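Comments concern the structure below.
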Amino acid sequence: QHERALGYLEEAQGIAADLGDRRRAAFLFTLASASRDAGDLEAAIRLGSQSLALYRAAEAELEAASLENDLALTYLAVGNMAKAQSLVTAAREHFRALANDRWLAHVAETEAQIALADGRLDAAADRVEEAVDRSRRTGNRKALISSLLTQARVQRDRGDVQSAAGTYEEAAGLARALGSRGRIRQVLREWATVLAGLGRHEEAYRLVREAL
């Protein structure tokens, strides 16, 4: 219920004004995420940028780097590839300095998404392979689901639909285990499209029904 959640957060803005920089940054980050989920990308960018400035002022390096990665995805969604690339490059540099492999998995997957959207399939394949590897090594299941989903898209766009079907199957199993309904629906719908293209219509129909 994205709109309802956003309404509660907007109601809390007056209280958040009295918080310190770090807590206000966290609040604005949550508000930015809710805005993006509700489809208001302009608000997500505005609020995310405010949050990033506060995190930097508070010298909260981990939080600032994670927000750079998040903002990169938002800029990608509005088609600003240059800004998305700039932010994810900064995030990679910061997480390397922090030696944080768990977050580098998310960054590599974001880089893969950007390369895929830009039609650079070889670069996307390289980055998503890194993302999957880092996700598995660090036990980051959330990043692994996202990475497998992006990997399946890369395989599909390169014409390797059989591999894409297998990757979607693994992603679906992980999403079901985590119980993320939104992610489950997303994976199942894309997987069903690939299976239909392979002529496996009964399986595709079952997945569509499950997604609904």
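The values are calculated or read from the model by the stated rules, or taken from the named source; none is laboratory data. Just so it is clear, the model here is predicted, and its values are computed rather than measured. For neighbour counting, all protein chains shown are included, and Cβ atoms are generated from backbone atoms with ideal geometry for every residue, glycine included. Only protein heavy atoms, including side chains, enter the accessible area calculation; ligands, DNA and RNA are left aside. Shrake-Rupley method; radii C 1.70, N 1.55, O 1.52, S 1.80 Å.
For this structure, a couple of remarks:
- Of the residues making up the range 186-199, those that are out of contact with any Lys or Arg (no Cβ under 8 Å at 6 or more places or on another chain) and either β-branched (Val, Ile, Thr) or open to solvent by 90 Å² or more (accessible area, probe 1.4 Å) (or both) are Val187, Arg189, Thr193.
- Qualifying position, being within 16 Å of Ser33 (Cα to Cα) and open to solvent by 40 Å² or more (accessible area, probe 1.4 Å), among Arg46, Arg56: Arg46
- Within the range 62-117, the residues that satisfy the criterion of being touching a helix residue (DSSP H, G or I) at 6+ places or on another chain (Cβ under 6 Å), among the charged types (D, E, K, R) and open to solvent by 40 Å² or more (accessible area, probe 1.4 Å) are Glu63, Lys83, Asp101, Arg102.
Condition check ((1) more than 16 Å from Glu109 (Cα to Cα); (2) without any contact (Cβ under 8 Å) to a residue 12 or more places away in the chain; (3) surrounded by 16 or more Cβ atoms within 10 Å (Cβ to Cβ); (4) touching an Asp or Glu at 6+ places or on another chain (Cβ under 7 Å)) across all residues:
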residue	(1), (2), (3), (4)
Val132	no, no, yes, no
Arg136	no, yes, no, no
Leu149	no, no, yes, no
Thr167	no, no, yes, no
Gly179	yes, yes, no, no
Gly182	yes, yes, no, no
Arg209	yes, yes, no, no
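- Of the helices (runs of 4 or more DSSP H) entirely within the range 108-212, those holding at least 1 residues that are of a type in the set (Gly, Ala, Ser) and modelled with pLDDT under 95 occupy 161-178, 181-197, 201-211.
- With respect to the conditions (1) under 22 Å from Glu129 (Cα atoms); (2) open to solvent by 40 Å² or more (accessible area, probe 1.4 Å); (3) among the hydroxyl-bearing types (Ser, Thr, Tyr), Tyr205 falls short on a single one, namely (1).
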